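One structure is given here, and the rest of the page talks about it.
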Amino acid sequence: MDRISKENYYLDIAQTVLERATCLRRVYGAIIVKNDEIISTGYNGAPRGRKNCVDMGFCTREAMQVPRGERYELCRSVHAEANAIISASRRDMVGATLYLVGKDARTGALLGDATSCAMCRRQVINAGIAKVVIRRTATEFQVVDVADWVGAEDDVPALQ
């Protein structure tokens, strides 16, 4: 019997978590793991008590024709990474790994280009998470050293 890697084991769990997501564009699932113990899980959806996009039947950003990756402040969802971080204590997250899986909400296809947005990257950095493992295909993944995000200034617009 061939065993799957630990990375794919945890990515499979994150992929199950995303089945709770309520976005009409892209659905994400995240789990935070430390010392082979799941600390918390998160998926993207509206804040507790507010209507989800799937319940309203429309996406505000889509209705405004906002391109993917822009104007996240218009999105009514809390992102998967943020929800996982909110549900954990910082002492448990320091040195941990966040596993992230994304799918297209319409087709259900895995997102080979899934990544954390600039806002979530800042939260991951501040939480003390050491690595982010992102699913690319059913068995392939990318491991990101969060220290690489610390030095990156890709979320700061260039001054004209």
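The values are calculated or read from the model by the stated rules, or taken from the named source; none is laboratory data. For clarity, every value in this text was computed on a predicted model and none was experimentally measured. Neighbour counts are summed over all protein chains in view; Cβ atoms, including those assigned to glycine, are modelled from backbone coordinates with ideal geometry. Accessible surface is based on the protein model in full, side chains and every heavy atom, while ligands, DNA and RNA are left aside. Shrake-Rupley method; radii C 1.70, N 1.55, O 1.52, S 1.80 Å.
For a label point 7 Å from the Cα of residue 7 along Cα→C-beta, name the residues of segment 106-127 whose backbone N is under 19 Å from it.
Taking a point 7 Å out along Cα→Cβ of residue 7, the residues of segment 106-127 whose backbone N falls under 19 Å are 110-116.
Counting alpha carbon pairs within less than 8 Å and at least 6 residues apart, what relative contact order, in whole percent, applies to the chain? Display every interim value, and only then the final one.
Working: 307 pairs, mean separation 36.4, N = 160.
This gives 23 percent for the chain.
Let me check against my output: what whole-number percent is the relative contact order of segment 95-144, with C-alpha pairs under 8 Å and at least 6 apart? Walk me through the intermediate numbers first.
Details: 68 pairs, mean separation 22.1, N = 50.
Dividing the mean separation by the residue count of segment 95-144 yields 44 percent.
Applying a 10 Å radius around every beta-carbon, put 16-23, 87-94 in order of their mean neighbour count, most first.
Put in order of decreasing packing, that is 16-23, 87-94.
How much of the accessible area of the chain, probe 1.4 Å, is carbon plus sulfur, in whole percent? Can you show the working numbers first?
Values: 4560 of 9300 Å².
Carbon and sulfur: 49 percent of the exposed surface of the chain.
Please get the size of the charge dipole for segment 14-160, origin at its Cα centre, with Cβ charges of +1 on Lys and Arg and -1 on Asp and Glu, quoted in debye to the nearest 20.
Numbers: 20 positive and 17 negative charges, 108 e Å.
So the magnitude is around 520 debye.
Using only Cα atoms, locate the centre of segment 113-150 and the centre of segment 47-85, then give the distance between them in Å, rounded to an integer.
20
Among DSSP beta bridges lying fully in the chain, give the percent that are antiparallel, nearest 5.
Just about 85 percent of them are antiparallel.
For the pair residue 107 and residue 119, how long in nm is the line joining their label points, each one 7 Å along Cα→Cβ?
It is 2.7 nm.
Per residue, how large is the accessible surface of the chain? Use a 1.4 angstrom probe and give square angstrom.
Working: 9300 Å² over 160 residues.
So the chain comes to 58 Å² accessible per residue, rounded to a whole number.
Once fully extended, how much extra length lies between residue 126 and residue 58, figured as 0.36 nm per residue of separation less the alpha-carbon to alpha-carbon distance? Write out the running numbers ahead of the final one.
Values: separation 68, 0.36 × 68 = 24.48 nm, distance 3.24 nm.
Stretched out fully, the residue 126 to residue 58 stretch lengthens by 21.2 nm.
Spelling out what I want: for every residue of segment 7-23, take phi, set θ = phi - 60°, compute 6.51 cos²θ - 1.76 cosθ + 1.60 (Karplus), and round to whole Hz; glycine and proline get x.
4, 5, 4, 5, 5, 4, 5, 4, 5, 5, 4, 5, 5, 8, 5, 10, 6
Once the piece of chain linking residue 143 and residue 37 is laid out straight, how much longer is it, given 0.36 nm per residue of separation minus the C-alpha distance between them?
36.3 nm
Using only the Cα atoms of the chain, construct the convex hull and provide its projected area averaged over every direction, in square nanometres to one decimal.
The Cα convex hull of the chain, projected and averaged over all directions, gives 10.7 nm².
Under the rule of at least 5 residues apart or a separate chain, name every residue whose amide H is placed under 5 Å from the amide H of residue 40.
Under 5 Å from the amide H of residue 40 lie the amide H atoms of 32, each far enough along the sequence or on another chain.
Per the helix-only calculation at 222 nm, which mean residue ellipticity applies to the chain, given -39500 (n - 2.57) for every DSSP H run of n ≥ 4 and division by its residues, nearest 500 deg cm²/dmol?
Taken over the chain, the calculation gives -7000 deg cm²/dmol.
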